[in-house]
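I have placed the structure first, in the form of structure tokens, so that the comments after it can refer back to it.
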Amino acid sequence: MNSYVDQFLPTLQNTLPPTSAGNVVLKVIYIQAGPVGKSLRLVPDLWKHVKSTRPNAQGFYVVSSQIEAGLLQHVYSSTGIIEAEVDAMPQGDDLRILSIISYDSLRQLLSKDRSIAMINHRDLILFMDIEYSPSVVGEMCVSLIHDWVSQLKGKTNVTIICLAALERADIKNTYLQAGFRLFAIDWIDSPPVPERELVNEQTEISNIIRSTLLNPAEQGNSPYVVIFGEFEEIRQTYIVPLFRETGRMFDCMALRRDSSLPYVQEVFNSARPTLLCVDPSFGASVPVSNLRHVISPATKMVDIFEPSTSQFPKARIPLSDADIYHQKSWVSKALNAAGDPPVYWSSRHLKDKRSENDAPLRGQMMRLCLDASSRFESLVNAPVPAFQEVGESLISETKRRLRIIGCLADDTPMPRITPLGIRTLAYIEHQKLNPRRIFRLGNLLARIETDNTLSVPTKRVLIRMAALTCYRPLYQLQGDAADRLLEEDPVVLAAIKADSAGIGQQESDKGQLWCELGLWTKMLVDGSIMTALNMGLDFAPRAQGFMQIDVATCVRVRDYVRLLESQLGMPDAADELGETMLSDRERWHVLETLTWTYLHQLVFFPSETLKEPPNDLVSLRRVEMQSCAHPTTFLSRMAEYQLDRGGFCAIYQDVLYNGNRLVPLDLTFVPDGMMKRIRQRFGNMSLTSLIQTLYPIRGGR
């Protein structure tokens, strides 16, 4: 007996309300199933059934990304299963067409108040993929659908079919609390996945890649190996060492959320042995012909919320159940040309500990709360499923910080989003100017755009700093340069300064941004970027060999600057050096803008305890400064500050958590008097009251 045809499908069909039902119904069907054909089998079968019983029904299939929408439409069209189009608004004779629409596209439609165009015949069926791991975009999509459909009570017959791999009780509760009728069903039909353990992870992964891609079988299609993680880390750990060892190369391709459809189609049509690097942002799983191995490193590097410091650092954490489920789905969907199933390789350490499925989402709470504030009056009552799990304390602390930096209004009981908050959100979601969706970068770009007190030279410098922030790392330290910078070796610092130019050269020892600006400016104005490109160099030696400048990063920064200046209506700088030089007042404005942007990412260097690590000002916890080399003069800078002032501050643009302490990265000095200026904006509120967290930190301070 075929359980799908004889039991599962008829059961689902019977739960779908017919058009002739006496009462207009809002129903949610939550289907939990593995990679058994939800998209390619179940959705087409249910859509055909709906059209046979409710011919006037309008149909939408909401998927997580535009890539998935395009791939699904291609499969549906090439096989003739059903008629489907991407981003269609079917009406009239086109109601036979199922519209496939991404989370982002649906959000844009609903935010533009065009939802009425999606309801034409008072009858709607909406299929919705539920992500393996919750994301900001996915949570907002669920909440917006809830909010939109709730307005249709008594007017429209609506059926929402949630297609999930894992249990999401928070999503079910969101719809139940709104009065939706909920029907939940499990479809258990997943075949076992061949698994093997990685004991010596790095060595064994290298061996798998070498044996499969450098010595591929002669028969069948060219083999594929899928590995999960960030491309740059995979490149440095495995690809570059294998090339140096063998002198041979295979295709290396990366899949990210923002990959284009033509690129993705090219990936799966490679005629060469291919290592496919799947970024954490790519939430889909795709059938790959001749997939031999799926490799899962034991950990992932993501932004998290760290309760003991009340900060949002990057941390290397174990994989979650959702990660493993997602990765195994690649094996389940693979169509192996040689007939043998691919093998799933995972670390033996995964058996000991796994992270929470929503850990990466908690690391994006600033963005999620700002996004929700732009759509709903109250975050406490907003129909965002993840808020049920996050808890009110973290939401309240996040709102407080958003108010302090000016993204939420401070004069209303409800967190009303401000014009700065609206532009911050727009720049967070800007694919070209903020491809990694960094909250602070979005806020910096919004300040550059909206602050009319900034002069043109000030904006030009900030634009270049934003570009450098977006595309780090600009350089790699060579030899013992890192150790010598930890000791603030004047020889290394002088060499860096000598190979810099412009305002960045003048301020080169006062922080990472100034140092990078000086190095990049020199590369640009002396023609070194073009020279390196013409010579086919990936890196250009600088600072007497103490560092290597990444040529591709220099090009990306240059293009970014041109794009943003054009978007802001600014002409290209005819004189790069002259048009980015700053007066003392303009330099202050640059640092003031940076301080507001990174106000909750400050470290304090107390003058009376030079031998002790500085403190993070949010949690008042000591930070680790000896893990990373900074091209700055922290200790010698103390001489410029009077002891009665207590010390000085520096912003950090990024931060790691090593399991014990925060490790601030990319520091830039805050000038004397800046924090007093910030406090004056809040009626001379104490710095502790302004910045220190109200989130309950375990174990005291």
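The values are calculated or read from the model by the stated rules, or taken from the named source; none is laboratory data. Fair warning: this is a prediction, and the values are worked out from it, not measured in the lab. Here the Cβ is made from the backbone with ideal geometry for all residues, glycine too, and neighbour counts use every protein chain on show. The area values use the complete protein model at the heavy-atom level, side chains included, leaving out ligands, DNA and RNA. Shrake-Rupley method; radii C 1.70, N 1.55, O 1.52, S 1.80 Å.
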Among what's in the stretch 442-454 and is touching a His at 6+ places or on another chain (Cβ under 9 Å) and open to solvent by less than 30 Å² (accessible area, probe 1.4 Å), pick the residue that is farthest from T593 (Cα to Cα).
G442
Please give the number of the condition R248 fails out of (1) part of a loop (DSSP other than H, G, I, E, B); (2) within 29 Å of H349 (Cβ to Cβ).
(2)
Which numbered condition in (1) in contact with a helix residue (DSSP H, G or I) (Cβ under 7 Å, 6 or more places away or on another chain); (2) modelled with pLDDT of 90 or more; (3) hydroxyl-bearing (S, T, Y) is the only one that T274 fails?
(1)
List the pairs whose first member sits in the stretch 485-510 and is within 13 Å of T521 (Cβ to Cβ) and of a type in the set (G, A, S), whose second member is in a helix (DSSP H, G or I) and open to solvent by 60 Å² or more (accessible area, probe 1.4 Å), and whose Cβ atoms are under 7 Å apart, counting only residues at least 6 apart or on separate chains?
A501/V525; S508/K497
Mind checking whether some residue in the stretch 188-203 is under 27 Å from the mean Cα position of the chain (by Cα) and in a helix (DSSP H, G or I)?
yes
Criterion first (of a type outside the set (F, W, Y), touching a residue at least 24 places away in the same chain (Cβ under 8 Å) and within 30 Å of T693 (Cβ to Cβ)) does T593 satisfy it?
yes
Scan of the stretch 471-500 for residues that are open to solvent by 10 Å² or more (accessible area, probe 1.4 Å) and touching a Ser or Thr at 6+ places or on another chain (Cβ under 6 Å), ordered by number:
Y471, E488, K497
Looking at K497, K510 in this structure, which one is more than 23 Å from E624 (Cβ to Cβ) and not hydrophobic (A, V, I, L, M, F, W, C)?
K497
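Residues checked against (1) closer than 27 Å to L665 by Cβ; (2) of a type outside the set (V, I, T):
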{"residue": "R292", "(1), (2)": "no, yes"}
{"residue": "S320", "(1), (2)": "yes, yes"}
{"residue": "V343", "(1), (2)": "no, no"}
{"residue": "P383", "(1), (2)": "no, yes"}
{"residue": "L394", "(1), (2)": "yes, yes"}
Tell me which of these V226 doesn't satisfy, since it passes every other one: (1) open to solvent by less than 20 Å² (accessible area, probe 1.4 Å); (2) modelled with pLDDT of 90 or more; (3) assigned to a helix (DSSP H, G or I).
(3)
Test: residue in the stretch 244-252 that is more than 25 Å from P473 (Cα to Cα), surrounded by fewer than 17 Cβ atoms within 10 Å (Cβ to Cβ) and among the β-branched types (V, I, T):
yes
Please give the helices (runs of 4 or more DSSP H) falling wholly within the stretch 501-571 in which 3 or more residues are of a type in the set (V, I, T).
551-567
Starting from the stretch 675-687, keep only residues that are surrounded by 12 or more Cβ atoms within 10 Å (Cβ to Cβ), then list their pairs with residues that are outside any loop (DSSP other than H, G, I, E, B) and of a type in the set (K, R) whose Cβ atoms are within a distance under 8 Å, requiring at least 6 positions of separation or different chains.
M685/R679; L687/R679
Given the conditions (1) modelled with pLDDT of 95 or more; (2) surrounded by fewer than 21 Cβ atoms within 10 Å (Cβ to Cβ); (3) within 30 Å of V137 (Cα to Cα), and given that P457 satisfies all but one, which numbered condition is not satisfied?
(3)
Residues being over 27 Å from the mean Cα position of the chain (by Cα) and over 20 Å from I529 (Cβ atoms) - total across the stretch 558-591:
12
Scan the stretch 284-309 for residues that are touching a helix residue (DSSP H, G or I) at 6+ places or on another chain (Cβ under 7 Å) and either of a type in the set (G, A, S) or surrounded by fewer than 18 Cβ atoms within 10 Å (Cβ to Cβ) (or both) and jot them down.
A284, S285, P287, S296, A298
Hey, can you tell me all the residues within the stretch 137-171 that are of a type in the set (K, R) and at pLDDT below 90?
K153, K155
Residues of the stretch 655-692 classified as closer than 15 Å to L602 by Cβ, at pLDDT 90 or above and polar (S, T, N, Q), total:
1
Only residues that are within 17 Å of I31 (Cβ to Cβ), open to solvent by less than 20 Å² (accessible area, probe 1.4 Å) and among the hydrophobic types (A, V, I, L, M, F, W, C): list them for the stretch 131-180, please.
V142, I145, V158, I160, I161, C162, L163, A164, A165, I171, F180
How many residues, within the stretch 90-116, are surrounded by 14 or more Cβ atoms within 10 Å (Cβ to Cβ), within 23 Å of P55 (Cβ to Cβ) and modelled with pLDDT of 80 or more?
6
Considering residues of the stretch 340-386 that are of a type in the set (A, V, I, L, M) and over 19 Å from V302 (Cα atoms) only, the residue surrounded by the fewest Cβ atoms within 10 Å (Cβ to Cβ)
V380
Working only within the stretch 554-582, note down all residues that are closer than 18 Å to D526 by Cβ, surrounded by 17 or more Cβ atoms within 10 Å (Cβ to Cβ) and touching a Lys or Arg at 6+ places or on another chain (Cβ under 8 Å).
V557, V561, A573, T580
